[in-house]
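This report concerns only the one structure given below.
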Amino acid sequence: EDQVTQSPEALRLQEGESSSLNCSYTVSGLRGLFWYRQDPGKGPEFLFTLYSAGEEKEKERLKATLTKKESFLHITAPKPEDSATYLCAVHRTQGGSEKLVFGKGTKLTVNP
Amino acid sequence: DGGITQSPKYLFRKEGQNVTLSCEQNLNHDAMYWYRQDPGQGLRLIYYSQIVNDFQKGDIAEGYSVSREKKESFPLTVTSAQKNPTAFYLCASTKGGGRDNQPQHFGDGTRLSIL
């Protein structure tokens, strides 16, 4: 069964304290992995797409990496405005249809 | 600015009532999707449409119905058959027909509650 597991479920950091979020997956027919940011009461906001192992993408304080089994979202020197839930999703094909499988998310809180 | 508009932001349903959630996009995207988000769970796919006048069931379609009469619009009806409708509903769209690995872009959701 296709599965996407994000860890930890929740993470509290002090401002400036760097850390990483993990997304591990067991999906057949992987075509890509997406990271989203979701603020309370809002829809997910697209951050990155990663297509193949070894690929890296960066945006401001965020850097996403991908291996054959997992992806990491590294947050360098976070600020309070980085507080949000970060979602990981994998794009896979099955029986001719294309679907996203989402993890449950990591809730990040950055304290000033 | 282009985007996805969901309305209403909050919706209340009485027992035995059908309610319809609106989703409109002006991104000229071909594919549109409906997800349900519950606390502590990942987004779950309800229905999706890759082209006008065609749609497919997702993983949790029971108790829901959709239509896709226009490219820009993909309304979701929560029927009285859906016994646990309280959730945050998200609409998304993507370029192409969802086959070319483009990211999905989301609206800001509708929160549905039972009266």
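The values are calculated or read from the model by the stated rules, or taken from the named source; none is laboratory data. Here the structure is a predicted model, which means the values were calculated and not measured. Here Cβ is always computed from backbone atoms with ideal geometry, including for glycine, and neighbour counts include all displayed protein chains.
Please work out if residue A:81 is over 19 Å from residue B:37 (Cα atoms) and assigned to a helix (DSSP H, G or I). So residue A:81 passes the test. Here A:41, A:32 are screened, and the one residue that is among the small types (Gly, Ala, Ser) and either in contact with a Phe, Trp or Tyr (Cβ under 6 Å, 6 or more places away or on another chain) or not in a loop (DSSP other than H, G, I, E, B) (or both) is A:32.
Only one residue in B:74, B:55, B:106 is within 15 Å of the chain's Cα centre (by Cα) and within 20 Å of residue A:105 (Cβ to Cβ). Which one? Talk me through it step by step, then tell me what you get.
Numbers: B:74 fails: within 20 Å of residue A:105 (Cβ to Cβ); B:55 fails: within 20 Å of residue A:105 (Cβ to Cβ).
From the options B:74, B:55, B:106, the qualifying one is B:106.
Quick test for you: out of A:51, A:86, pick the one residue that is surrounded by fewer than 17 Cβ atoms within 10 Å (Cβ to Cβ) and touching a Lys or Arg at 6+ places or on another chain (Cβ under 8 Å). Give the steps one after another, and end with the answer.
Values: A:86 fails: surrounded by fewer than 17 Cβ atoms within 10 Å (Cβ to Cβ).
Exactly one of A:51, A:86 is surrounded by fewer than 17 Cβ atoms within 10 Å (Cβ to Cβ) and touching a Lys or Arg at 6+ places or on another chain (Cβ under 8 Å), namely A:51.
Inside the stretch B:36-76, can you point out the residues that are within 12 Å of chain A (Cβ to nearest Cβ), over 17 Å from residue B:4 (Cβ atoms) and in a loop (DSSP other than H, G, I, E, B)? Scanning the stretch B:36-76 gives B:38, B:39, B:40, B:41, B:42, B:58, B:59.
Checked against the criterion of being more than 24 Å from residue B:89 (Cβ to Cβ) and out of contact with any helix residue (DSSP H, G or I) (no Cβ under 9 Å at 6 or more places or on another chain), the candidates A:58, A:45 yield just one match: A:58.
Among the numbered conditions (1) away from every other protein chain (no Cβ under 14 Å); (2) in a loop (DSSP other than H, G, I, E, B); (3) surrounded by 15 or more Cβ atoms within 10 Å (Cβ to Cβ), the only one that residue B:102 does not meet is (1).
If you check A:56, A:70, which single one turns out to be away from chain B (no Cβ under 14 Å), over 23 Å from residue B:88 (Cβ atoms) and either surrounded by 14 or more Cβ atoms within 10 Å (Cβ to Cβ) or touching a His at 6+ places or on another chain (Cβ under 8 Å) (or both)?
Details: A:56 fails: either surrounded by 14 or more Cβ atoms within 10 Å (Cβ to Cβ) or touching a His at 6+ places or on another chain (Cβ under 8 Å) (or both).
Going through A:56, A:70 in turn, just one is away from chain B (no Cβ under 14 Å), over 23 Å from residue B:88 (Cβ atoms) and either surrounded by 14 or more Cβ atoms within 10 Å (Cβ to Cβ) or touching a His at 6+ places or on another chain (Cβ under 8 Å) (or both): A:70.
Residue count for the stretch B:11-48 satisfying the condition of being in contact (Cβ under 8 Å) with a residue 40 or more places away in the chain, of a type in the set (Gly, Ala, Ser) and in contact with a strand residue (DSSP E or B) (Cβ under 6 Å, 6 or more places away or on another chain): 2.
Annotation for the stretch A:90-102: at least one member residue is within 11 Å of chain B (Cβ to nearest Cβ), within 22 Å of residue B:35 (Cα to Cα) and in contact with a His (Cβ under 6 Å, 6 or more places away or on another chain). Count of the stretch A:67-112 residues, restricted to those that are out of contact with any Ser or Thr (no Cβ under 7 Å at 6 or more places or on another chain), over 30 Å from residue B:51 (Cα atoms) and modelled with pLDDT under 95, is 2. Please work out which residue is nearest to the other protein chains (Cβ to nearest Cβ), limiting yourself to the stretch B:1-10 and to residues that are in contact (Cβ under 8 Å) with a residue 60 or more places away in the chain and not in a strand (DSSP E or B). For the stretch B:1-10, the residue satisfying everything is B:9.
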